[in-house]
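One structure is given here, and the rest of the page talks about it.
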Amino acid sequence: MKNIIAIIFLLCFGSLFFGQSDSLYKKFLDQSQKHYRQNCKKDSLKAVSDSKEINKYYMNIPAPYGDEFLPASELEIILRENNISWGGYYMRSDIGGYDGECYELYMTKETEKKYGKDFIDNLLKKSVSDYVQKNPDLIFKHSDFLEWTYNGSYLDFMYGNDDLNKAFFSTFSYPDNYQPYKPSDKYKSLSDISILLNENGKLLKIVSFHHHIYNSTNSRFVPYLEKNLRKFVEKSIFAPATYSGFPVKAEINLRIYYK
């Protein structure tokens, strides 16, 4: 991580260090990328060689502050039972820095190749299952390992171009005198709805509504909007959220964008 932090610092302030010289800065980047390729090749070859004698599994988490895998202790035990060592976490970076992640990446690939990707995935699910049994009241929230889709597709939190918004507006009618978004407005109005689903996707409760109405004249319609949102959520059929592929009880966030 120290190498990555150093590269980030140099990238951000490169113009200062190199007197705003594009050619020197480009040379620095080229050298960093060359260094990455050389070390990655060396470490990947070592991983492939080591994998003939040992089986090791590492877990990739997003840089720079990815979430750790909650059932890591359970996973370590399950891996050991199958003659696989738990290697911990690694992060990948595309900014030129190198911190040895190619060894972890290729060692994990070789382990998956030897045992089969489906087999490893089932071990991950088993670790989550064991963790849930030990923590039956746990509600999973906001994690890199938590996934949820509506009608098989992910939500679009930036623009609302998703099946969730299409389904809501297929039965929704705007109230009279509602003022649509204009290009001169700074933001589009939206509502965030937090819901709690059990491991089968059944709605347990609506946790909260948060309305962001940027046209003040439309603020009076919040009760109407919330009433329709509640009706839509309560009538919807949801898929369960999964944590590393295993269905879990989870708090999910929905977002509806208004015109």
Measure off 7 Å from each Cα along the Cα-to-Cβ vector at residue 38 and residue 199, then give the distance between these two points in nanometres to one decimal.
5.2 nm
What lysines sit close enough to residue 205 to cross-link, taking a C-alpha to C-alpha distance under 18 Å and skipping anything fewer than 8 places away on the same chain?
141, 227, 231, 235, 249
Which of the lysines could a cross-linker span from residue 182 if the Cα-Cα distance has to be under 22 Å and same-chain partners fewer than 8 positions apart are dropped?
166, 259
Once 217, 108, 242 are ranked on solvent-accessible area with the largest value leading and a 1.4 Å probe, the list reads 217, 242, 108
Given the rule -39500 (n - 2.57) for each run of at least 4 DSSP H residues, summed and divided by the residues of the chain, what is its mean residue ellipticity at 222 nm, to the nearest 500 deg cm²/dmol?
-13500 deg cm²/dmol
To make sure I understand the rule: partners must be lysines, Cα under 28 Å from the Cα of residue 56, and not fewer than 8 residues away in the same chain. Which ones qualify?
2, 34, 41, 42, 46, 109, 113, 114, 117, 125, 126, 134
Which value, in Å² and to the nearest 10, is the accessible area of residue 141 when all protein chains are kept and the probe is 1.4 Å?
100 Å²
Rounded to one decimal in nm, the spacing of the 7 Å Cα→Cβ label points at residue 92 and residue 259 is 4.2 nm
Just to confirm a number: summing +1 for Lys and Arg and -1 for Asp and Glu over residues other than residue 118 whose beta-carbon lies under 11 angstrom from that of residue 118, what do you get?
0
Rg(Cα) of the stretch 17-146 divided by 2.2 N^0.38 Å?
1.32
Once fully extended, how much extra length lies between residue 24 and residue 121, figured as 0.36 nm per residue of separation less the alpha-carbon to alpha-carbon distance?
30.3 nm
Would you tally the net charge around residue 78, using a Cβ to Cβ cut-off of less than 9 Å, leaving residue 78 out, and scoring K and R as +1, D and E as -1?
-2
Among 113, 41, 186, the residue with the largest mean-square fluctuation in a Gaussian network model of the chain built from Cα contacts under 10 Å is 186
Over the chain, what is the relative contact order in percent, taking alpha-carbon pairs closer than 8 angstrom and at least six residues apart?
19 percent
A chain fully extended from residue 159 to residue 53 at 0.36 nm per residue, minus the present Cα-Cα distance, gains in nm 33.2 nm
How big is the stretch 79-236 by Rg and Dmax over its Cα atoms, in Å?
22.3, 67
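The values are calculated or read from the model by the stated rules, or taken from the named source; none is laboratory data. Nothing here was measured: the structure is a model prediction, and the numbers come from that model. Using ideal geometry, Cβ is built from the backbone for each residue, glycine included, and neighbour counts are taken over all protein chains shown. SASA here: full protein model, heavy atoms, side chains in, ligands and nucleic acids out. Shrake-Rupley method; radii C 1.70, N 1.55, O 1.52, S 1.80 Å.
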